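**Q** For reference, the structure I am asking about is given below.
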Amino acid sequence: MGASATRPLPAVTPPKFDRPDEALLTGRATYAGTPAELVETLRDIRQQAGVPVEFVARSHFPLLEYDAQVELMELLAEGVAPHV
């Protein structure tokens with residue numbers, strides 16, 4: 001993580017995603033909604049698992065511009081992460 005923290009900004013633009021949008025979802029569970037809805041869903045997953053569960057937010061969204069990615073990560077960091 002130290003290397004990530006010391007990289008210069010702005011971040012490098014990711015390569016163009018040249019497959020159908022649906023390819024981003026194949027084989028993965030996707031959850032969407034308000035921060036409150038996401039917190040509820042993640043808490044339900046944790047309860048159903050019956051074992052300790054840690055969540056990781058993906059920080060690379062190839063179809064979003066950089067500013068939109070930052071805004072989304074801020075929303076997740078402030079509205080979801082502290083509650084799960």
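The values are calculated or read from the model by the stated rules, or taken from the named source; none is laboratory data. If you're wondering where the values come from, they're calculated on a predicted model, not measured in any experiment. Every residue, glycine among them, receives a Cβ derived from its backbone with ideal geometry; neighbour counts consider all protein chains shown. Just the protein is used for accessible areas: all its heavy atoms, side chains included, with ligands, DNA and RNA removed. Shrake-Rupley method; radii C 1.70, N 1.55, O 1.52, S 1.80 Å.
**Q** Considering only the range 42-62, state which residues are within 18 Å of Leu75 (Cα to Cα) and either among the small types (Gly, Ala, Ser) or at pLDDT 75 or above (or both). Give the derivation first.
**A** Within the range 42-62, the subset within 18 Å of Leu75 (Cα to Cα) is 42-43, 55-62.
Answer for the range 42-62, where residues must be within 18 Å of Leu75 (Cα to Cα) and either among the small types (Gly, Ala, Ser) or at pLDDT 75 or above (or both): Leu42, Arg43, Phe55, Val56, Ala57, Ser59, Phe61, Pro62.
**Q** While we're here: Being assigned to a loop (DSSP other than H, G, I, E, B), at pLDDT below 75 and open to solvent by 90 Å² or more (accessible area, probe 1.4 Å) is the requirement here; does Arg28 meet it? First the steps, then the outcome.
**A** Numbers: assigned to a loop (DSSP other than H, G, I, E, B): yes; at pLDDT below 75: yes; open to solvent by 90 Å² or more (accessible area, probe 1.4 Å): yes.
For Arg28, the condition - assigned to a loop (DSSP other than H, G, I, E, B), at pLDDT below 75 and open to solvent by 90 Å² or more (accessible area, probe 1.4 Å) - is met.
**Q** Separate question: Select, from Val39, Val12, the only residue that is of a type in the set (A, V, I, L, M) and either open to solvent by 70 Å² or more (accessible area, probe 1.4 Å) or modelled with pLDDT under 85 (or both).
**A** Exactly one residue qualifies, and that residue is Val12.
**Q** While we're on this one: Which of the residues that make up the range 39-84 are more than 24 Å from Ala11 (Cβ to Cβ) and either in contact (Cβ under 8 Å) with a residue 24 or more places away in the chain or not in a helix (DSSP H, G or I) (or both)?
**A** Of everything in the range 39-84, those that are more than 24 Å from Ala11 (Cβ to Cβ) and either in contact (Cβ under 8 Å) with a residue 24 or more places away in the chain or not in a helix (DSSP H, G or I) (or both) turn out to be Val39, Leu42, Arg43, Arg46, Gly50, Val51, Pro52, Val53, Glu54, His83, Val84.
**Q** Hey, another quick one. Filtering the range 50-84 down to residues that are open to solvent by 50 Å² or more (accessible area, probe 1.4 Å) and small (Gly, Ala, Ser), which residue is farthest from Leu24 (Cα to Cα)?
**A** Gly50
**Q** Let me ask you something else. Taking the residues in the range 15-25 that are under 15 Å from Tyr66 (Cα atoms) and open to solvent by 90 Å² or more (accessible area, probe 1.4 Å) as candidates, determine which candidate is modelled with the highest pLDDT. Walk me through how you get there before you give the answer.
**A** The first filter runs over the range 15-25 and keeps only residues under 15 Å from Tyr66 (Cα atoms), leaving 15-17.
Imposing the further condition that a residue be open to solvent by 90 Å² or more (accessible area, probe 1.4 Å) reduces the set to 15-16.
Values: Pro15: 79, Lys16: 83.
Among those that are under 15 Å from Tyr66 (Cα atoms) and open to solvent by 90 Å² or more (accessible area, probe 1.4 Å), it is Lys16.
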